[in-house]
Amino acid sequence: MDKLIITAALTGAEVTRAQQPALPITPEEIADAAYECARAGASIVHVHARWPDGTPTQDKETYGQIIAAVRARCDVIVQVSTGGAVGMTPQERLAPVTLKPEMATLSMGTVNFGGDVFMNHPAEMEIFAAAMRDHGVKPELEIFDSGMLTTAQRWLKKGLIQGPQHFDFVLGIPGGMAGTPEALMYLRSQLPAQSTWTVAGIGPAQLPLGTLAIVLGGHVRVGFEDNVYYRKGELATSNAQLVARIARISRELDRPVATPDEARAMLGLI
Ligand code: KMH
Ligand code: ZN
């Protein structure tokens, strides 16, 4: 089994300081969190930008500041969000891709998102996929429900995505596929050969699905974007605390944790 790639989803677009007082918001705070997570075992950081007041933004300059600040501290892989926040225009969402980060998320379909709709029109997402291809950015294919896997195969045939695909199963969003072992096992059974996958369990699904992914040979995403708790009723003190726990579990299960360069090799980034 390959070493474990841990992604730290540091900030997200929805979580507030009222919900999680340790949420990193400014580029410097996000870079400090990225450094701590890299030290704890993360090889990828998934980042969202915020304005200083905490409002989500896809502002290219702010993403540029985040990437530069992370780079000044460590060599962790930076994956920018193109999901942004519900209600943003596709043009806004795509902006950070032009910075040519190593990776970016690519949403594979529309999903109900709590009381909202996270709109990902196929025609718009095909433009996102082509932009990532043309800028040399590796997409992480965000799967919120099983039909989205077939979209990935169509885009592969069209040449919009290339090479072994890397999937992120986002499980447990109200309106999306459930955060259950059965859902994860089903999605895994439908994957094309050669692909890699990670799981982002939302809320209470983060720890059990992450642990299951370690055993199954997948990879794991943790962090405040998906879950602000360490355990029921107890807030996590930092993103790094969540990374350290999943790294510890993986080592206990005899699966070493990948360095950023090892993750780059596994994902075809180098
Ligand atoms: N904030 C969500 C609506 C991504 O980063 O690609 C979408 C999201 C996905 O966070
Ligand atoms: Zn995100």
About the Cα centre of the stretch 215-257, how large is the charge dipole given +1 on each Lys and Arg Cβ and -1 on each Asp and Glu Cβ? Please answer in debye to the nearest 20. 100 debye
Which is farthest toward the positive dipole end of the chain among Pro139, Ala69, Trp51, measuring Cα position about the Cα centre, with Cβ charges +1 (Lys, Arg) and -1 (Asp, Glu)? Pro139
Take the Cβ-Cβ distance between Glu182 and Ala123 as r, set R0 to 25 Å, and report the resulting FRET efficiency rounded to the nearest 0.05. 0.15
Using +1 at the Cβ of each Lys and Arg and -1 at the Cβ of each Asp and Glu in the chain, identify which of Leu191, Leu23, Asn120 lies farthest towards the dipole's positive end. Leu191
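Give me the one-decimal Kirkwood hydrodynamic radius in Å for the chain, with the sum taken over alpha-carbon pairs. Can you show the working numbers first?
Details: mean 1/r = 0.0553 Å⁻¹.
When all Cα pairs of the chain are included, the Kirkwood radius is 18.1 Å.
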The stretch 10-158: relative contact order as a whole-number percent, Cα under 8 Å and 6+ apart: 18 percent
Given Cα pairs under 8 Å that are at least 6 residues apart, what percent is the relative contact order of the stretch 104-145? 54 percent
Could you give the length gained on full extension between Gln91 and Met1, defined as 0.36 nm per residue of separation minus the Cα-Cα distance, in nm? 28.5 nm
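Once the other residues with Cβ under 13 Å from the Cβ of Phe118 are scored (Lys, Arg +1; Asp, Glu -1), what is the net sum?
Summing Lys/Arg as +1 and Asp/Glu as -1 gives -4.
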Of the accessible area of the chain, computed with a 1.4 Å probe and all protein chains kept, carbon and sulfur make up a percent value of 55 percent
Quickly work out the Arg39-to-Glu234 label distance, labels modelled 7 Å from Cα along the C-beta direction, and quote it in nm with one decimal. 2.2 nm
Of Phe144, Phe169, Phe113, which is the most mobile in a GNM of the chain whose springs link Cα atoms less than 10 angstrom apart? Phe113
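Efficiency by 1/(1 + (r/R0)^6): what FRET value for Leu253 and Gln153, r their Cβ-Cβ distance, R0 = 25 Å, to the nearest 0.05? Let's see the in-between values first.
Values: r = 31 Å, r/R0 = 1.26.
Here the calculated transfer efficiency is 0.20.
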For the residue pair Glu28 and Ile270, what label-to-label distance in nm results when each label sits 7 Å from Cα along the Cα-to-beta-carbon direction? 3.0 nm
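Per 0.36 nm of contour for each residue apart, how much would the distance between Ser189 and Asp59 grow if the chain were fully extended, relative to their Cα-Cα spacing?
Numbers: separation 130, 0.36 × 130 = 46.80 nm, distance 3.76 nm.
Full extension from Ser189 to Asp59 adds 43.0 nm.
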Given the options Asp75, Asp168, Asp254, which has the most mean-square fluctuation in a GNM of the chain, springs set between C-alpha atoms less than 10 angstrom apart? Asp254
Per-selection Kirkwood Rh - the stretch 177-270 (Cα, Å, 1 d.p.): 14.0 Å
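Using only alpha carbon pairs under 8 Å that are at least six residues apart, calculate the relative contact order of the chain and give it in whole percent.
Details: 569 pairs, mean separation 61.4, N = 270.
About 23 percent, as a whole number.
Taking K and R as +1 and D and E as -1, what net charge do the other residues with C-beta under 14 Å from the C-beta of Ala183 add up to?
Details: positive: Arg188; negative: Asp145, Asp168, Glu182.
Within the 14 Å Cβ shell, the charges total -2.
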State to the nearest 20 debye the size of the charge dipole of the stretch 1-75 about its Cα centre, where the only charges are +1 on K and R beta carbons and -1 on D and E beta carbons. 140 debye
For the stretch 44-122, evaluate the Debye formula with one uniform point scatterer on each Cα (no solvent term) and list log10 I(q)/I(0) at q = 0.18, 0.27 Å⁻¹, rounded to two decimals. -0.74, -1.35
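When the dipole is taken about the Cα centre of the chain, and only Lys, Arg (+1) and Asp, Glu (-1) are charged at their Cβ, what size is it in debye, to the nearest 20? Mind dumping the intermediate values first?
Working: 23 positive and 28 negative charges, 106 e Å.
Rounded to the nearest 20 debye, it is 500 debye.
The values are calculated or read from the model by the stated rules, or taken from the named source; none is laboratory data. Since the model is a prediction, treat every value here as computed from it, not as a measurement. Note: ideal-geometry Cβ built from the backbone for every residue, glycine included; neighbour counts use all protein chains shown. Each accessible area value is taken on the protein alone, full model and side chains, heavy atoms only, with ligands, DNA and RNA left out. Shrake-Rupley method; radii C 1.70, N 1.55, O 1.52, S 1.80 Å.
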